[in-house]
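Read the structure below first, then the notes.
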Amino acid sequence: MTDQEKWAAVAGNDAAFDGLFFYGVKTTKIFCRPSCPSRIPRRENVVFFATAAEALRAGFRPCKRCRPDLAAYAPDKDTAEHFRALLDAGSDALSGLGLTRRRAAELFRAHYGVSPREYRSRARLEQAQALLSDTQTPIADVAWTVGFESIPAFYRFFHARTGTSPAAYRRQSAVKEATP
């Protein structure tokens, strides 16, 4: 790989080149990954390294934003996974994340491909369908278990997602189980 190609990767913040090389900024004595979100340095101040160890030996220190000294540093991924764990636990509180709701939603969407609201809705629907397959559980209990405070809201949600009412879904589910 030529220095020109490496510079293009740095200028484009291209994560595809992370781990293939590192770049150091002579004026600050800091080295980074090609995808580092920090300000792009002047080309004449940039030197390239094959490994992080090589950059350290040359007297450069690791960037605090992209952490090129760590093999797998993905704070956005960690944050999205933490937010997902909160959603899975039935909470959408952002305590401990240190982010606004909007930023947390952006990270979540980038990592999982859906908004937190859509993710939670899908999880509620799956849980409701599983509970409805048990004919002993009253539909009202299913609605409250999956987080709805009113039966009509649950019916509207379920019908919009499945095209059928919870009672009709339960009957269809019972017929499918009874059929050999």
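Data for the structure
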quantity: Segments classed as helices (runs of 4 or more DSSP H), wholly inside the range 11-116, with at least 1 members that are at pLDDT below 80, out of contact with any helix residue (DSSP H, G or I) (no Cβ under 6 Å at 6 or more places or on another chain) and closer than 29 Å to M1 by Cβ; calculated: 75-88
quantity: Of all residues making up the range 1-47, the number that are hydrophobic (A, V, I, L, M, F, W, C) and closer than 18 Å to R57 by Cβ; calculated: 8
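The values are calculated or read from the model by the stated rules, or taken from the named source; none is laboratory data. In this text the structure is predicted, and so the values were computed from the model without any measurement. No Cβ is skipped: glycine too gets one built from the backbone with ideal geometry, and neighbour counts run over all protein chains shown.
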